[in-house]
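Participant: I have a structure I would like to understand better, so I am pasting it below and will then ask my questions one at a time.
Bear in mind these aren't lab numbers, they're just calculated from the coordinates by the rules spelled out. Please read all numbers here as calculations on a predicted model, not as lab measurements. Using ideal geometry, Cβ is built from the backbone for each residue, glycine included, and neighbour counts are taken over all protein chains shown.
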Amino acid sequence: MTLRDIIYKDTVKFILSGGKGGVGKTSSAGAMAVLSAQHGFRTLVLSTDPAHSLSDSFDQDLSGGDVIPIEGFDNLWGMEISTEKGMEDFQKVIGDGNIGPEAQMAAGLMGDMTGMAPPGSDEAMAFGKILEFIEDSSYDRVIFDTAPTGHTLKLLELPDLLDSWLGKMLTLRQRLSSMMGALRGFFGGGDQEDSSWQMIQQTKDKIRAARIELSDPDTTQFVVVMIPEAMAVFETQRLLASLGSWHIPATHLIINQLVPPNPSCSFCSKRYEMQQSNLDDIRELYSDMDLTEVPLFDGEIRGIEGLTKLGKILIGEEVE
Ligand SMILES: Nc1ncnc2c1ncn2[C@@H]1O[C@H](COP(=O)(O)OP(=O)(O)O)[C@@H](O)[C@H]1O
Ligand SMILES: [Mg+2]
C-alpha cells in the first residue's frame, strides 16, 4: 500500500508523523492534513510537540489550546496542544480535577512504595488530548504532528505506564478500602464510595481502547519522516523498533530533502553523493516498507500552497 492509499483510505482515523528534529515532520503532517481535507475527510491536525511549529507551517495562529478552523477550508481544523490547558483536561480525564481522599492516599503510598510519580508531564497532557480525540467522532481523520523521537517515544509508552500505574492504584484500593471502612466507622463518617476510583477504572478502560485503536493497521499509521543522513537512519531504526514493540503500525517512510544532482557545483555534488549512498542503504534496510522520496524545495514549505505542493509529491502526482 502506498502513502496515497493510506491517506485516501476511509478506515484510517489516525496518522502520526514522526522522526528526528528538523527532518520535515510538521510539513508532512500539514501536507497529509491538506490532502485529507481536500479528499473530503473532516480532518484535525494536532501538534504534540511542545516546540510547536504547526502555526508557522500553516501560516496561521493555531496556538491557544483550542481547535481552530483552518482558513480556506470548511473541513480542516488545527491545534497546538497547550501544556497548561492540556494539564487541566488531563486531570478531568483522570478524576474530574479532584482526586478523592482514598485515591490521594493510595497515590501517596504508591509514591513511597515504588517511587513512581503519577505521569504528569508534557506527554501526559498530550496523551489526555489523544484520549479525548480517540473517543470523539466529529473528525474522520486526526493527524498528529509529533515531537522529535525521544519525546514521542515517551508519549507512546504512556499508555503502558499509566495502565500499570492505575492498575496498582486499583489493587491498593482493595487493601485500603477495608481500612477506610474501619476508619469511617470509627469517625462516624458516611460510607459513600469514593467516586475517583470509578474514574480511575474508566480511565484505564479508555487507555485500553486507545491502545487497541492505535495498534490496528486499518485505523492507525505512524509515518516516519527522515532525511538520507546516517544520524537520521540510526534514529529511524530506534523509532521503528519501539513502534514495533508497542504494535503501532508503521509501514511508510518519507525520505525528505533530497538534493538534485548538480555536476557544476562540487559542494552540491558531494552532498548529492552522500545522500545517494545513504539512500541505497535505506532502500536496502527498509525493503519491506513503502518509501516516498521528496526533493529539497528551493524555498521553505509554508502556507496552504506549499503544503499542497508537498502533498502532491507525497501521493505521487506531478508538480509543475
Ligand atoms: N523538502 C523540503 N524542501 C525544502 N524545505 C523543507 C523541506 N522539508 C522541510 N523543509 C523545511 O525545513 C524546516 C523544518 O521542517 P519541519 O517540517 O518543520 O520539520 P520538523 O517538524 O521535523 O522539525 C522548515 O523550515 C521546512 O519548511
Ligand atoms: Mg515539527
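Participant: Sketch the reach of a paramagnetic label on Phe73 as a point 7 Å from Cα along Cα-to-Cβ, and name the residues of region 27-67 whose backbone nitrogen lies under 11 Å away.
Facilitator: 29-46, 58
Participant: At a Förster radius of 41 Å, what calculated FRET efficiency corresponds to the Cβ-Cβ distance of His39 and Ser164, to the nearest 0.05? Present the calculation step by step, with values, prior to reporting the outcome.
Facilitator: Values: r = 39 Å, r/R0 = 0.95.
After rounding, the FRET efficiency stands at 0.55.
Participant: Also, quick follow-up: Given H placed on each backbone N at 1.01 Å, which residues far from Gln257 in sequence or on other chains put an amide H within less than 5 Å of it?
Facilitator: Correct list: Val294, Leu296.
Participant: Here's a follow-up. Based on the mean of other Cβ atoms within 10 Å per residue, sort peptides 69-81, 276-288 so the most packed one is first.
Facilitator: Details: 69-81: 18.6, 276-288: 13.5.
Output ranking for 69-81, 276-288: 69-81, 276-288.
Participant: Related question: Give the order of Thr219, Thr48, Thr171 when sorted by the count of other beta carbons within 10 angstrom, beginning with the fewest.
Facilitator: Values: Thr219 16, Thr48 25, Thr171 11.
Final ranking by Cβ density, sparse to dense: Thr171, Thr219, Thr48.
Participant: Between Glu318 and Ala230, what length comes free when the chain is fully extended (0.36 nm per residue of separation minus the Cα-Cα distance, one decimal in nm)? Intermediate values should be presented prior to the final figure.
Facilitator: Numbers: separation 88, 0.36 × 88 = 31.68 nm, distance 2.90 nm.
Gain on extension, Glu318 to Ala230, equals 28.8 nm.
Participant: What FRET efficiency would be calculated for the residue pair Ala51, Thr171, taking the C-beta separation as r and a Förster radius of 25 Å, to the nearest 0.05? Can you show the working numbers first?
Facilitator: Values: r = 38 Å, r/R0 = 1.52.
The calculated FRET efficiency here is 0.10.
Participant: With a point put 7 Å past each Cα toward its Cβ, work out how far Lys9 is from Arg283 in nm, to one decimal.
Facilitator: 2.5 nm
Participant: In what order do Lys13, Lys312 fall by count of nearby beta-carbon atoms within 10 Å, going from fewest to most?
Facilitator: Working: Lys13 22, Lys312 16.
Least to most surrounded, the residues fall as Lys312, Lys13.
Participant: Can I ask one more? Across region 226-270, what fraction of all alpha-carbon pairs, as a whole percent, falls in each successive 10 Å bin from zero upward?
Facilitator: 23, 38, 22, 13, 4
Participant: Starting from the Cα of Lys25, draw a straight line to each of the lysines and keep only those under 19 Å, dropping any in the same chain fewer than 8 residues away.
Facilitator: Partners within reach: Lys13, Lys154, Lys309, Lys312.
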